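The values are calculated or read from the model by the stated rules, or taken from the named source; none is laboratory data. It should be emphasised that the depicted structure is a prediction, and the values quoted were computed from it without experimental measurement. So basically every Cβ, Gly included, is an ideal-geometry build from the backbone, and we count neighbours across all protein chains shown. Keep in mind that these areas ignore ligands, DNA and RNA; they rest on the heavy atoms of the full protein, side chains included. Shrake-Rupley method; radii C 1.70, N 1.55, O 1.52, S 1.80 Å.
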Amino acid sequence: MTNMYTSGEYARKQPTFHVEDAPWKARHICAMLEKHGLQPARVVDVGCGAGAILKELQAALDPETVFEGYDIAPEGIDLARQHENERLRFFCDDIAAIPDGRFDLALCIDVFEHVEDYLGFLQTLRDKG
């Protein structure tokens, strides 16, 4: 299943990586954070695609918040890198590459349906935040 994302097949089928949905998704994430009084200092988006959700969150959250996005699809990361700045970075890498205990908030928006071993994925994610 991974080959679909690393081979460019997914990018051919979904060339926008759903950036058009990012403002709506980011608004809901911000509402959840506000509802629970959460102000994360470090945020990771696993399966970030083109990075549009993190771009939206950076504009909405505390200006000191640091964001990182990870995706295994090189085309998504190529799109995401246009948004990089000193507090927003993107990496074409697997979740296993993320150091444990580094983040206050880990996002996996529209990711689980793309992961064959979702329980193993959750176990890997557990120690990242």
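Within segment 60-77, being over 19 Å from Ile109 (Cβ atoms) and either more than 14 Å from the chain's Cα centre (by Cα) or among the basic types (Lys, Arg) (or both) holds for Asp62, Pro63, Glu64. On the basis of being open to solvent by less than 70 Å² (accessible area, probe 1.4 Å), modelled with pLDDT of 95 or more and small (Gly, Ala, Ser), does Gly120 make the cut? Answer is no for this residue.
Has segment 64-71 got at least one residue that is within 19 Å of Pro40 (Cβ to Cβ) and among the charged types (D, E, K, R)? Within segment 64-71, one or more residues are within 19 Å of Pro40 (Cβ to Cβ) and among the charged types (D, E, K, R).
Within segment 39-48, can you find the residues that are within 20 Å of Val111 (Cβ to Cβ) and open to solvent by 20 Å² or more (accessible area, probe 1.4 Å)?
Initially, segment 39-48 is screened for residues within 20 Å of Val111 (Cβ to Cβ), giving 40, 42-48.
Selection gives Arg42, Gly47.
Within segment 59-76, the set of residues being within 28 Å of Gly8 (Cβ to Cβ), open to solvent by less than 30 Å² (accessible area, probe 1.4 Å) and not small (Gly, Ala, Ser) comprises Phe67, Glu68, Tyr70, Asp71. Every condition in (1) surrounded by fewer than 22 Cβ atoms within 10 Å (Cβ to Cβ); (2) in contact with a Leu (Cβ under 9 Å, 6 or more places away or on another chain); (3) within 20 Å of Phe103 (Cβ to Cβ) holds for Gly51 except the one numbered (1).
Applying the selection to segment 1-18, what residues are open to solvent by less than 70 Å² (accessible area, probe 1.4 Å) and among the hydrophobic types (A, V, I, L, M, F, W, C)?
Scanning segment 1-18 gives Met4, Ala11, Phe17.
Among the residues of segment 19-38, those identified as open to solvent by 50 Å² or more (accessible area, probe 1.4 Å) and either among the aliphatic types (A, V, I, L, M) or in contact with a Leu (Cβ under 7 Å, 6 or more places away or on another chain) (or both) are Val19, Ala31, Met32, Leu38.
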